[in-house]
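Notes follow once the structure below has been shown.
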Amino acid sequence: MALTQVYWDHHIPLPKLTSLQAKVTVALVALLCFSNSYDGEFVFDDSEAIVNNKDLRPTTPLSNIWFNDFWGSNLRSNSSHKSYRPLTVLTFRLNHLIAGGLHPVGFHVLNIILHAVISALMIDVFAILIGGLGRDEDGQRVNLAPKTSLLAALFFAAHPVHTESVAGIVGRADLLCALFFQLSFLTYCKAFYKGEEDGFSVRWVAVSLLLCAAAMLCKEQGITVLVEALLPIFRFSEILSMGLLTRLALLGLGGISMLYGRWRIMGTGPPVFTEVDNPASFEENIVIRILNYNYYYSLNAWLLLCPWWLCFDWSMGCVPLIKSATDWRMVWLLLLWCFLLGLIGQALCSQDSQRRRTLTLGLVLLVVPFLPACNVFFRVGFVIAERVLYLSSAGYCLLLAFSLGHCCCRWTRYKKLLLALTLALLCMYVARCALRSQQWRSEQSLFTSALSVCPLNAKVHYNVGKNLADRGNSTAAVRYYREAVRLHPTYVHAMNNLGNILKEKNELIEAEQLLSKAVSIQSDFAAAWMNLGIVQNSLHRFEEAEQSYLNYDNCLLCYADQNRHVDALNAWRNATVLKPDHSLAWNNMVILLDNLGNLAQAELIGREALRIVPNDHTIMFSLANVLGKLEKYKVSYCHGNLAVLYHRWGKLELAKKHYELSLKLDPEAAGTKDNYNMLLRKLDQLKRKTP
């Protein structure tokens, strides 16, 4: 059968490039858009997913990434978000290993390269979706829409909504998922190139399923490629002649197996989110809930159409709930569904088969990858997240390129005007990407940029205040903390931080009021109990202070019992900052890190503790256990700690032996000289008493 080029393609006023030239051009545009983010800092979610994630460290067993979530928590823990992305974490770990530590440049550079590769591969994906799987007489695949696929790929490479995925390091999950999504789709299409007698190869479908599994191990929405895989052959006569039932069985079995495995791995229970994460999902009235979900969809569509309104976080009041059908924002829902229904009508009813195909597959690529984030199948932990639009934006870019191509075909007299508008749009995309990438370079610029977009978001004000406080500008931080508490009156973290600053400014009465309110709202908030105890102590209310300290210690024990390791470590670290000689907090950190298998960090904490409290036997003993596991038997601390234990147990000769070994290795060992002299005096006294 003769191959027919898509009829509107040659009307698009772009040069016709070879496949390699087109891919290089798209990749260069992608690099141009995001290159200024290469030397940015670790920002926002990077702190939890990378900086504080023990699974990235070489001392942590590699097997841990298969049992922990994206943030380093055990998947079966109640506090886990259940985001299982071990392949993404593995790439973070490789970055850490290659760079010899947490150096953000390597992380950012890899993200930028991945986006450039994905953008270039989009040309092949778009070519198949628009023109099908046509091949020439030599068996080589033919791109029947070279200009349309190039234009769509250029829009994808430069779309500003991708900034969070590229400039934010945790967006690596979306990038890797998209890459394996593409490879799975292209590999599946390869099954029709060189197959068996009916042109269908089971082997390539099996490879496609493996790549789909890899996409799912990078981010959950990778499973949606199985829906997309069924559609490159669009005419029913062709489908039926190519082993449809076999392919359906393979894809269905593979998909069910992946979903079942994913469900088993995460402990067969959904993640637990709070109302501030996704308020609409907690709305009891199902009609109000559906209206708000649809409003969220319209906001996501607006971000694709007009990506100037971008924010790192959309929770905590950023998008107020629609409470009634008379809310003026209902207009956006109606516009969204009128537009979608119009596209669907064109896709189903158009007499033009090429238009039907492009619209149908463009809509599928737009909608299907977004389904895991739409709140229909399960509750998600966000209102809007720009990262989840990374794959869906490909469908939008395809529809946009088709629309421009169709306009060029119908209005040939205005080709130059359409070309100018297209170039202007691309230039605006590139400029917006460069500006937004610059904002993602540091937390200060990122958080500040959100104030104009989401002024009602308490978390935005909290993060601006915290960043100012961390940089020593506590006076300016107070204003933002107060605004965060005003916008969200139960925001306990803002209350605690504000109370802490007021405590330092000696405004003790207001500080006590804030901290008391914080612990009344969240009774297991350890840091607030500690700060409250310090304030009460400063007010000479010693009994109340003692009770607050007791509540603080109880919270820490609860953290440990509930496997809230990060909370426990942060609280204990905070305790040592507030009270450097808090030996119990130091010792608990060493023990917890030891139990978690993070021996290198446990050793560092133990040594730091002994510099501050050099004669604490419990810390010595805990550190000795860590050093023993690290096989650092010759380190003086081991002998010193053993000597202290023997000393306490009354085995004085053994104590003397190990004190001497410790001093031989380190003559200036902290506290060892004093303990050794004390032992010698005791031995001398015992000798005198002996007849």
Would you pick out the residues in the range 472-489 that are within 13 Å of residue 457 (Cα to Cα) and outside any helix (DSSP H, G or I)? 488, 489
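Yes/no per residue for (1) closer than 20 Å to residue 176 by Cα; (2) of a type in the set (Asp, Glu); (3) in contact with a helix residue (DSSP H, G or I) (Cβ under 8 Å, 6 or more places away or on another chain); (4) modelled with pLDDT under 90:
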| position | (1), (2), (3), (4) |
| --- | --- |
| 347 | no, no, yes, yes |
| 356 | no, no, yes, yes |
| 363 | no, no, yes, no |
| 367 | yes, no, yes, no |
| 370 | yes, no, yes, no |
| 374 | no, no, yes, yes |
| 377 | no, no, yes, yes |
| 386 | yes, yes, yes, no |
| 394 | yes, no, yes, no |
Answer residue from the range 32-86, given it is basic (Lys, Arg) and part of a loop (DSSP other than H, G, I, E, B) and is nearest to residue 219 (Cα to Cα) among those: 85
Among the residues of the range 427-448, which ones are hydrophobic (A, V, I, L, M, F, W, C) and out of contact with any Gly (no Cβ under 8 Å at 6 or more places or on another chain)? 427, 428, 430, 431, 433, 434, 435, 446, 447
Let me confirm something: among 500, 467, which residue is in the same structural domain as residue 552 (by TED's automatic domain parsing) and under 21 Å from residue 46 (Cβ atoms)? 467
Go through the range 408-438 residue by residue and tally those that are crowded, with 18+ Cβ neighbours inside 10 Å and either hydroxyl-bearing (Ser, Thr, Tyr) or free of Cβ contacts under 8 Å to residues at least 12 places away in the same chain (or both). 3
Where residues in the range 275-288 are over 15 Å from residue 384 (Cα atoms) and not aromatic (Phe, Trp, Tyr), which of them is surrounded by the most Cβ atoms within 10 Å (Cβ to Cβ)? 283
Enumeration of residues in the range 145-173 that are in contact with a Pro (Cβ under 9 Å, 6 or more places away or on another chain) and among the β-branched types (Val, Ile, Thr): 161, 163, 169
Within the range 37-53, is there a residue that is over 25 Å from residue 470 (Cβ atoms) and of a type in the set (A, V, I, L, M, F, W, C)? no
Output the residues belonging to the range 96-112 that are in contact (Cβ under 8 Å) with a residue 12 or more places away in the chain and either β-branched (Val, Ile, Thr) or surrounded by 22 or more Cβ atoms within 10 Å (Cβ to Cβ) (or both). 105, 107, 108, 109, 111, 112
Here are 170, 109, 161: which of them is out of contact with any helix residue (DSSP H, G or I) (no Cβ under 8 Å at 6 or more places or on another chain) and β-branched (Val, Ile, Thr)? 109
Go through (1) surrounded by fewer than 15 Cβ atoms within 10 Å (Cβ to Cβ); (2) closer than 30 Å to residue 108 by Cα; (3) acidic (Asp, Glu) one by one and return the number of the condition residue 504 breaks. (2)
Starting from residues that are of a type in the set (Val, Ile, Thr) and modelled with pLDDT of 90 or more, keep the ones in the range 507-526 and report whichever is surrounded by the most Cβ atoms within 10 Å (Cβ to Cβ). 521
Please specify each residue of the range 439-462 satisfying the condition of being of a type outside the set (A, V, I, L, M, F, W, C), part of a loop (DSSP other than H, G, I, E, B) and surrounded by 21 or more Cβ atoms within 10 Å (Cβ to Cβ). 457
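Residues are listed down the side, and each one gets a yes or a no for (1) assigned to a helix (DSSP H, G or I); (2) out of contact with any Ser or Thr (no Cβ under 7 Å at 6 or more places or on another chain); (3) aromatic (Phe, Trp, Tyr):
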residue: 334; (1), (2), (3): yes, yes, no
residue: 337; (1), (2), (3): yes, yes, yes
residue: 344; (1), (2), (3): yes, yes, no
residue: 348; (1), (2), (3): yes, yes, no
residue: 360; (1), (2), (3): yes, yes, no
residue: 381; (1), (2), (3): no, yes, no
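The values are calculated or read from the model by the stated rules, or taken from the named source; none is laboratory data. What you are looking at is a predicted structure, and each value in this text was computed from that prediction instead of being measured. Positions of Cβ are backbone-derived with ideal geometry, glycine not excepted, and every protein chain shown enters the neighbour counts.
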